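The values are calculated or read from the model by the stated rules, or taken from the named source; none is laboratory data. Predicted model only: the values in this text are computed from it and were never measured. Cβ atoms come from the backbone with ideal geometry, glycine included; neighbour counts cover every protein chain shown.
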Amino acid sequence: MEKFFKLKEKNTTVKQEIIAGITTFLTMAYIVFVNPAILSATKMDQGALITATCLSAIIGTGLTGIWVNAPFAMAPGMGLNAFFAFTLVFGQGATWQEALGVVFLSGVIFVILTVTGVRKALIEAIPIELRLATGAGIGLFIAFLGMQTMGLIVDNPATLVGLGKFTKPLTLSVIGLIIMGFLEVRKKKGGILLGILITTILGIMVGEIEMPKQFVSMPPSIAPIAFKLDIIGALKPALIGSIFSFLFVDLFDSLGTILACANEAGLIDKDGKVDKIDKILEVDAASTIIGSLLGTSTVTTFVESASGIAAGGRTGLTSLTTAFCFFLTLFLSPVIGIVPGYATAPALIIVGVFMFKNLLDINLKDLETAIPCFLTIAMMPLSYSISIGLAFGFVSYVLIKIFVGKIKEVNLILWIVAFFSFLEVSGLMSSFVAKFF
């Protein structure tokens, strides 16, 4: 173990790595509850989704530990699962099978871009401000989804949205939100997970939830969703833009997490570059492909990995410990299955807050930056589409550079991205793809 993980070289121990891996698991275990809750809205089998969520986390995190020897965890990403359900399926009318095909194709392109080196050029072509705005916008969007699921925000024919009535489930959900917020402010590890569990227990106590007949069982079969992806259907013109939207969001999300955690994880080499970043992104992309085959949305590098790194995780043993915890979770599906949407919904708001913090690193005093960033952030929840928010951001950024005479700051890749973004916003994407491809 010492030889394989190079524990002494990384100034760590087996005990320290195991504690770090458990810490990472506790901070991200909420995904086992939340991901099935979001994706099952598309009529996918919830039991199968629990298994697929755990398996994709086991495979992605395990690969990171064994192949990369880095303390990063992977699982179906927040925001990306909302994009899958509420933009692709409900917004664009795709079937969940086609949506899985979109995820698969975005993963394949991600692998190609990473292996060929185009990924680096693509990252450098997108302004850092728009990358940060993307994270903040997704945070606002999933927080809005959480409020809807809670029943805190409801339809209003006069104002589009309004405040919901405080029913018993909503009251329990608000209590859960308060608990999560308190625990996170106090920096208690696993605060989101504890909030979900406490809300569920309260629901049982007041008669809103029935106790499961058993607490441990074999994992539910993934047969209802595994290998059901429709790749041919995903290639229809209306979904082409979404493939690249998934790609961009996954790329920026993973890159941001890796860069944020690399220094403390000891992954910065003597030249100041992130060691093994290409390998981590390759695992990320491969895990997305595997996840789509298993039946779940895009698998990405989790920012909660920072909690394990802060606890001393420095090697792949941390990741393997986290993966083993997800393996044990597979056998708790009866308990996971009783957790209601109003218990998991507050987690979306808290995660949304974490993602919205990206706003702090954007220079909003400069209107050349502020306008495209604002449109990116605002249009995601208002249009109920992450891809539309991205499109507004790219198009407005290029237009402003043209208007202020800084056209030379727009590189070729950004011109291409903005062009396809314009087609998506204007509704011309389908006809363009059908004509030229």
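Against the conditions (1) out of contact with any helix residue (DSSP H, G or I) (no Cβ under 6 Å at 6 or more places or on another chain); (2) over 16 Å from residue 234 (Cα atoms), where does residue 93 fall short? Just the number, please.
Tallying (1) out of contact with any helix residue (DSSP H, G or I) (no Cβ under 6 Å at 6 or more places or on another chain); (2) over 16 Å from residue 234 (Cα atoms), residue 93 fails exactly one: (2).
So which pairs qualify, if the first residue must be in the range 307-334 and without any contact (Cβ under 8 Å) to a residue 12 or more places away in the chain and of a type in the set (S, T, N, Q), the second must be surrounded by fewer than 24 Cβ atoms within 10 Å (Cβ to Cβ) and part of a helix (DSSP H, G or I), the Cβ gap must be under 6 Å, and the two must be at least 6 apart or on different chains?
none
Could you list, ordered by first residue, the pairs with Cβ atoms under 6 Å in which the first is in the range 76-96 and more than 19 Å from residue 50 (Cα to Cα) and the second is in a loop (DSSP other than H, G, I, E, B) and modelled with pLDDT of 90 or more, at least 6 apart or interchain?
Once the first residue is more than 19 Å from residue 50 (Cα to Cα) and sits in the range 76-96, its partners that are in a loop (DSSP other than H, G, I, E, B) and modelled with pLDDT of 90 or more give 88/94.
Which members of the range 180-218 meet the condition of being closer than 18 Å to residue 143 by Cα and among the small types (Gly, Ala, Ser)?
Selection gives 181, 191, 195.
Among what's in the range 199-239 and is under 24 Å from residue 295 (Cα atoms) and among the polar types (S, T, N, Q), pick the residue that is modelled with the lowest pLDDT.
217
Please name all residue pairs, on different chains or six or more residues apart, with Cβ atoms under 8 Å, provided the first residue is in the range 210-228 and is loosely packed, with under 12 Cβ neighbours inside 10 Å and among the charged types (D, E, K, R) and the second residue is modelled with pLDDT under 95 and not in a loop (DSSP other than H, G, I, E, B).
Close Cβ pairs (under 8 Å, with a partner that is modelled with pLDDT under 95 and not in a loop (DSSP other than H, G, I, E, B)) amount to 210/204; 213/334.
For the subset of the range 383-397 comprising residues that are surrounded by 24 or more Cβ atoms within 10 Å (Cβ to Cβ) and among the aliphatic types (A, V, I, L, M), which member is nearest to residue 421 (Cα to Cα)?
Only one residue fits best here, namely 391.
Quick one: what pairs do we get from the range 140-157, first residue closer than 15 Å to residue 82 by Cβ and acidic (Asp, Glu), second modelled with pLDDT of 90 or more and assigned to a loop (DSSP other than H, G, I, E, B), C-beta under 9 Å, 6+ apart or different chains?
Every condition considered, no pair remains.
Report, by residue number, each residue of the range 1-37 that is part of a loop (DSSP other than H, G, I, E, B) and touching a residue at least 40 places away in the same chain (Cβ under 8 Å). I'd like the intermediate steps shown before the answer.
First, the residues of the range 1-37 that are part of a loop (DSSP other than H, G, I, E, B): 1, 6-13, 29-30.
Residues satisfying the conditions are 1, 6, 7, 10, 11, 12, 29, 30.
Looking at 57, 143, 52 in this structure, which one is touching a Gly at 6+ places or on another chain (Cβ under 8 Å), small (Gly, Ala, Ser), more than 30 Å from residue 408 (Cα to Cα) and at pLDDT 95 or above? Reasoning before the result, please.
Values: 57 fails: touching a Gly at 6+ places or on another chain (Cβ under 8 Å); 143 fails: at pLDDT 95 or above.
Exactly one of 57, 143, 52 is touching a Gly at 6+ places or on another chain (Cβ under 8 Å), small (Gly, Ala, Ser), more than 30 Å from residue 408 (Cα to Cα) and at pLDDT 95 or above, namely 52.
If a residue must be in a helix (DSSP H, G or I) and either more than 25 Å from the chain's Cα centre (by Cα) or among the acidic types (Asp, Glu) (or both), how many such residues does the range 136-169 contain?
2
Criterion first (under 19 Å from the mean Cα position of the chain (by Cα) and part of a loop (DSSP other than H, G, I, E, B)) does residue 78 satisfy it?
Working: under 19 Å from the mean Cα position of the chain (by Cα): yes; part of a loop (DSSP other than H, G, I, E, B): yes.
Considered against the rule, which asks whether it is under 19 Å from the mean Cα position of the chain (by Cα) and part of a loop (DSSP other than H, G, I, E, B), residue 78 comes out as yes.
So for the range 404-414 (the condition being under 25 Å from the mean Cα position of the chain (by Cα) and either at pLDDT 90 or above or hydroxyl-bearing (Ser, Thr, Tyr) (or both)), does at least one residue qualify?
No, the range 404-414 has no match at all.
Kindly indicate which of 130, 100 is modelled with pLDDT of 90 or more, of a type in the set (A, V, I, L, M, F, W, C), closer than 20 Å to residue 385 by Cα and in a helix (DSSP H, G or I). Quick ask: steps written out before the conclusion?
Working: 130 fails: modelled with pLDDT of 90 or more.
The unique qualifying residue is 100.
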